[in-house]
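> Here it is: the structure, laid out below.
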Amino acid sequence: MNADAGRRRRILALALAVGVLSLTVVAVSAYLRLDAAGLGCADWPACYGGLLAGAPAPQHYGFARLLHRIAASAALVLACVLVWQCLRPQPLPAARPAALLLLLMLGLSALGFLSADPRRALVGFLNIVGGLGLVSFSWRVALAAGDGRQGWPRPAPGGALFRLGVAALTLTVLVGAWIGATYSALACPSLPFCAGGLRALAEGWPALDPLRSLAAVALPGDAGGTLLHLLHRGLALASVFALGGALLVAARRGVRRGGALAALVLLLLVAGLGMAAVAGGLGLWMVIAHGTAAALLLAAVAALLRR
């Protein structure tokens, strides 16, 4: 019994370490990607997306890139140890999320060989979404290794509303990642609506093509970029009302109060950072904070989804 408890403690410590390293990878990779894209550059916004104009620029191995390599490599090594600990001498419930975490890491590593060309929107999108998933999977492993296995009860207060909110949040994150991958940040620099919104609803749907190859950034008024921003903001608003309402009801009724309140705070923080980023002219660090907080929000919601 003591040996099993010690094994679970080791798995928990490893999962938390991988989670911290994964969050570091998310933040640093966001910095590298956005800085390379020219977000907040000296000639802003004319310099945004300049790397799409010609051949891929050579990589510069400064401190940020070195930190990214070290954190990603350390996370991969610890994930291998984590899977081994979960499987031997007999499999634990944490083995499945740990194996999925390792597979995701290996997939992202393989995807890195295709990431040199920024015009491949789908590759950039998968990198962003995969990085966010690392934090959630790490946290799921930590939860599975712990003693508390109580999930979101059935029926949950506002259960249908909660599921609707989770779906809206998922789509919000996916569209937000696509905005970043397609260099569409400039398409709608105003709040709450975008110029040319009606035209975008009629003409902007080709922007959702996952196989598109980028030639230039989406400038203000671009139909495709405007549509992406409208979708992102509409889904984000739906997430705040649906998911936020379900979390508030759960907290008031004492259903997983701590987790519900943490997710609610993160939800409001992510929404606030997103609005502040647009209102502040898309500052580099504000956008990075928005993405990093989104990774934490997804992990908090994943904890509530666990049965």
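The values are calculated or read from the model by the stated rules, or taken from the named source; none is laboratory data. Everything quoted here is computed from the prediction, not taken from an experiment. Virtual Cβ from ideal backbone geometry, glycine too; neighbours counted across all protein chains shown.
> Sort through SER109, SER136 and tell me the only one that's at pLDDT 85 or above, hydroxyl-bearing (Ser, Thr, Tyr) and closer than 30 Å to GLY6 by Cα.
Numbers: SER109 fails: closer than 30 Å to GLY6 by Cα.
Residue meeting the stated conditions: SER136.
> Regarding ARG140, is this residue in contact with a strand residue (DSSP E or B) (Cβ under 9 Å, 6 or more places away or on another chain) and either touching a residue at least 12 places away in the same chain (Cβ under 8 Å) or among the acidic types (Asp, Glu) (or both)?
Values: in contact with a strand residue (DSSP E or B) (Cβ under 9 Å, 6 or more places away or on another chain): no; either touching a residue at least 12 places away in the same chain (Cβ under 8 Å) or among the acidic types (Asp, Glu) (or both): yes.
The answer is no for ARG140.
> While we're here: Do you know which residues across the stretch 259-284 are without any contact (Cβ under 8 Å) to a residue 40 or more places away in the chain, surrounded by fewer than 22 Cβ atoms within 10 Å (Cβ to Cβ) and in a helix (DSSP H, G or I)?
Listed by number, the residues that qualify are LEU261, ALA262, LEU264, VAL265, LEU266, LEU268, LEU269, ALA271, GLY272, LEU273, ALA276, ALA277.
> Starting from residues that are out of contact with any helix residue (DSSP H, G or I) (no Cβ under 7 Å at 6 or more places or on another chain) and among the hydrophobic types (A, V, I, L, M, F, W, C), keep the ones in the stretch 112-123 and report whichever is modelled with the lowest pLDDT. Break it down into steps so the answer makes sense when it comes.
Keep residues of the stretch 112-123 that are out of contact with any helix residue (DSSP H, G or I) (no Cβ under 7 Å at 6 or more places or on another chain), which gives 112-113, 116-117, 122.
Add one more test, that the residue is among the hydrophobic types (A, V, I, L, M, F, W, C), and what stays is 113, 116, 122.
Working: PHE113: 79, ALA116: 72, LEU122: 93.
Of everything passing the filter in the stretch 112-123, ALA116 is modelled with the lowest pLDDT.
> Taking the stretch 86-108 on its own, how many of its residues are surrounded by 19 or more Cβ atoms within 10 Å (Cβ to Cβ), over 18 Å from the mean Cα position of the chain (by Cα) and in a helix (DSSP H, G or I)?
3
> Scan (1) of a type outside the set (Asp, Glu); (2) part of a helix (DSSP H, G or I); (3) under 21 Å from GLY124 (Cα atoms) for the single condition GLY245 breaks and write down its number.
The one condition GLY245 does not meet is (3).
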